[in-house]
Amino acid sequence: MNTTNLSLRQRRILLLLHLFFASIMLGGQATFILLALTASVTDSDSVLRACYTIMHLLAASSVRASTIGTTVTGILLSVLTSWGLFRYYWLIAKEILTLLAIGIGFVGIYEWTLRGVEQTDKAGLQAWEAAGFSVNHTWLWIGILLQALSLLAMFALSVWKPGGRRGRRTAV
């Protein structure tokens, strides 16, 4: 199916859904930054537990749903329009960043928040003194920042579309 088979109305609806899911992803990352920052500086057991519990809940729900939604609508926009999956360098870059976002979100952030929940449930603020909690928290921060940077890069690539079209290969 190409652009002529996908009506302008259908394309706009698909694009709106894509932007909706991408916005949820970006908002989620902003929330993770605020919660991780709060967890880093709090002197309250309940606040530390709440930060990790909320982050884990988000990692298990909205992060997964918005990642799936953005990926599916992005693929549909690519294959159902003239953009294609591999015709433009900026799309290829977005696809690579999407794979990074899936890996970080589905595996990394989910696991790091789960470990944080388990450790803060057992030890509260004393978790900071337990082996591995600070390392886990640092990895969570790295994942959150990489996820946020990759999302911002995907937004920038979508707006500026740098690199142009890939050259076509000719048969010899």
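The values are calculated or read from the model by the stated rules, or taken from the named source; none is laboratory data. What you see is a predicted model; the values in this text were computed from it and never measured. Note that we place each Cβ from the backbone using ideal geometry, even for glycine, and neighbour counts take in every protein chain shown. Ligands, DNA and RNA are excluded from the accessible area calculation, which covers all protein heavy atoms including side chains. Shrake-Rupley method; radii C 1.70, N 1.55, O 1.52, S 1.80 Å.
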Averaging sequence separations of C-alpha pairs under 8 Å and six or more residues apart, then dividing by the length of segment 1-117, give the relative contact order as a whole percent. 38 percent
Accessible surface of Leu80 in the full protein assembly, 1.4 angstrom probe, to the nearest 10 Å²? 40 Å²
Mean ellipticity per residue at 222 nm, deg cm²/dmol - from DSSP H runs of n ≥ 4 across the chain, formula -39500 (n - 2.57): -25000 deg cm²/dmol
Of Trp90, Trp160, Trp128, the most mobile residue in a GNM of the chain (C-alpha springs, cutoff 10 Å) is Trp160
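Please work out how much length the chain gains when fully extended from Val107 to Ala93, using 0.36 nm per residue of separation minus the C-alpha to C-alpha distance, in nm with one decimal.
Value of the extension gain: 2.9 nm.
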Take Leu149 and Leu37, extend 7 Å from each Cα along the Cα→Cβ direction, and tell me the distance between the two endpoints in nm. 1.8 nm
What residue among Gly69, Gly27, Gly116 shows peak mean-square fluctuation when the chain is described by a Gaussian network model with Cα springs under 10 Å? Gly27
Under 19 Å from a point placed 7 Å out from the Cα of Ser158 along the Cα-to-Cβ direction: which residues of segment 50-81 have their backbone N that close? 62-81
Near the amide H of Tyr88, under 5 Å away, which other amide H atoms are found, from residues 5 or more places off or on another chain, if H is placed in the peptide plane? Arg166
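Subtract the Cα-Cα distance of Leu19 and Phe86 from 0.36 nm times their separation in residues, and report this length gain in nm to one decimal.
Full extension of this stretch gives 22.1 nm more.
For the pair Trp139 and Arg165, what calculated FRET efficiency results from E = 1/(1 + (r/R0)^6), where r is the Cβ-Cβ distance and R0 = 41 Å, to the nearest 0.05?
0.60
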Within segment 44-125, trypsin sites (Lys or Arg not before Pro) in DSSP loop having at most 16 other beta-carbon neighbours inside 10 Å: Arg87
The alpha-carbon center of segment 42-63 and that of segment 75-93 are separated, in whole Å, by 36 Å
Which value, in Å² and to the nearest 10, is the accessible area of Ile33 when all protein chains are kept and the probe is 1.4 Å? 60 Å²
Here, Val47 and Leu8, labelled 7 Å along Cα→Cβ, have an inter-label distance in nm of 5.3 nm
